[in-house]
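The values are calculated or read from the model by the stated rules, or taken from the named source; none is laboratory data. Please read these numbers as outputs of a predicted model, since none were measured by experiment. As a convention, Cβ positions derive from the backbone with ideal geometry for all residues, glycine included, and neighbour counts pool all protein chains shown. Remember, those area values only see protein heavy atoms, side chains included, never the ligands or the DNA or RNA. Shrake-Rupley method; radii C 1.70, N 1.55, O 1.52, S 1.80 Å.
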Amino acid sequence: MLSEAAVAGQLRIRGAADRFQGGFRTLVQGINNTLDAVVEPVNFATAYIQRMADGEYGEAIEKEYQGEFKTLMESLMSIRASLNNLVGETVALTRAAAAGDLTVRADLTKFKGGYADIATGFNQTLDAVIAPLNEAIAVLGRIAVNDYTTEMTGQYQGMLKQFAESVNLTRARLVSIQDAILRVAEGDISRL
């Protein structure tokens, strides 16, 4: 009965050791003790994983486990460290962006695997946003000193493409106004 229950994942079921005498009693109690030794760390790990899934992973595992259970707890602590790093880097990026500093990037040396992919994605997103902003700053800086020779040429997508098109349209309108004023200065009022 105990073997079938354990195979079925019903680790709460225990044998009635008090129904037996001598070696059989010791055997059933030993199986119960083994199940108790397995269930406690499994339940702890399950609850810990659920807390991490719910976004609560601040506490370190302080209880000492042995053997495979130690390996399990060390793995949980490794996941916890990766999640803490990811949250820390995300908060730093968010604060920097909110303060107008889009040059801050996630430290990729803190991550491995999928966590590194997420952090890389954050960095690439910022790069995709900052490239047209930097180009616009350069174009608008030239326009500010009446130099209309430069326009945005980057190949952007979506809203960033619309942004570049708006900067270029503004530049084109200013060039048109400049042309009209120059023509008026020469006596040609046809553009008016």
Considering segment 153-192 alone, what residues qualify as being within 30 Å of Val129 (Cα to Cα), open to solvent by 100 Å² or more (accessible area, probe 1.4 Å) and in a loop (DSSP other than H, G, I, E, B)? Gln155, Gln157
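When you go through Gly23, Gly9 one by one, which is the residue that is among the small types (Gly, Ala, Ser) and modelled with pLDDT under 90? Can you show your working first?
Working: Gly23 fails: modelled with pLDDT under 90.
Answer to the selection: Gly9.
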Those residues of segment 129-152 which are open to solvent by less than 50 Å² (accessible area, probe 1.4 Å) and assigned to a helix (DSSP H, G or I), in sequence order: Ile130, Ala131, Pro132, Glu135, Ala136, Val139, Gly141, Ile143
For segment 30-52, state whether one or more residues are in a helix (DSSP H, G or I), open to solvent by less than 70 Å² (accessible area, probe 1.4 Å) and of a type in the set (Lys, Arg). yes
Report, ordered by the first and then the second residue, all pairs with beta carbons closer than 6 Å, sequence separation of six or more or different chains, a first member in segment 16-28 that is among the β-branched types (Val, Ile, Thr), and a second member that is surrounded by 13 or more Cβ atoms within 10 Å (Cβ to Cβ) and not in a loop (DSSP other than H, G, I, E, B). Val28/Ala17
Which members of segment 59-81 meet the condition of being over 14 Å from Ala37 (Cβ atoms), in a helix (DSSP H, G or I) and of a type in the set (Gly, Ala, Ser)? Ser75, Ser78, Ala81
With the structure loaded, tell me whether Leu102 is at pLDDT 90 or above, within 25 Å of Thr120 (Cα to Cα), open to solvent by less than 60 Å² (accessible area, probe 1.4 Å) and not in a helix (DSSP H, G or I) or whether it fails that test. yes
Out of all the residues in segment 81-97, is one or more open to solvent by 50 Å² or more (accessible area, probe 1.4 Å), out of contact with any Lys or Arg (no Cβ under 6 Å at 6 or more places or on another chain) and small (Gly, Ala, Ser)? no
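Can you find a residue that is part of a helix (DSSP H, G or I), in contact (Cβ under 8 Å) with a residue 24 or more places away in the chain, more than 30 Å from Leu83 (Cα to Cα) and among the small types (Gly, Ala, Ser) anywhere in segment 4-14? If you could, list the steps in order and put the result at the bottom.
First pass over segment 4-14, keeping only residues part of a helix (DSSP H, G or I): 4-7.
The next check asks that each one be in contact (Cβ under 8 Å) with a residue 24 or more places away in the chain; those that pass are 6.
From the residues that got through so far, the ones that are more than 30 Å from Leu83 (Cα to Cα) too are 6.
Filter once more, keeping what is among the small types (Gly, Ala, Ser): 6.
Taking every residue of segment 4-14 in turn, at least one turns out to be part of a helix (DSSP H, G or I), in contact (Cβ under 8 Å) with a residue 24 or more places away in the chain, more than 30 Å from Leu83 (Cα to Cα) and among the small types (Gly, Ala, Ser).
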Kindly indicate whether any position in segment 68-83 is in contact (Cβ under 8 Å) with a residue 12 or more places away in the chain and under 22 Å from Thr125 (Cβ atoms). yes
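Starting from residues that are in a helix (DSSP H, G or I) and within 22 Å of Met52 (Cα to Cα), keep the ones in segment 109-119 and report whichever is least open to solvent (accessible area, probe 1.4 Å). Explain how you work it out, then say what you get.
Just the residues of segment 109-119 that are in a helix (DSSP H, G or I), to begin with: 109-110, 113-119.
Restricting the remaining residues to those that are within 22 Å of Met52 (Cα to Cα) gives 110, 113-119.
On the way: Lys110: 93, Gly113: 51, Gly114: 46, Tyr115: 66, Ala116: 21, Asp117: 107, Ile118: 75, Ala119: 1 Å².
This residue is Ala119.
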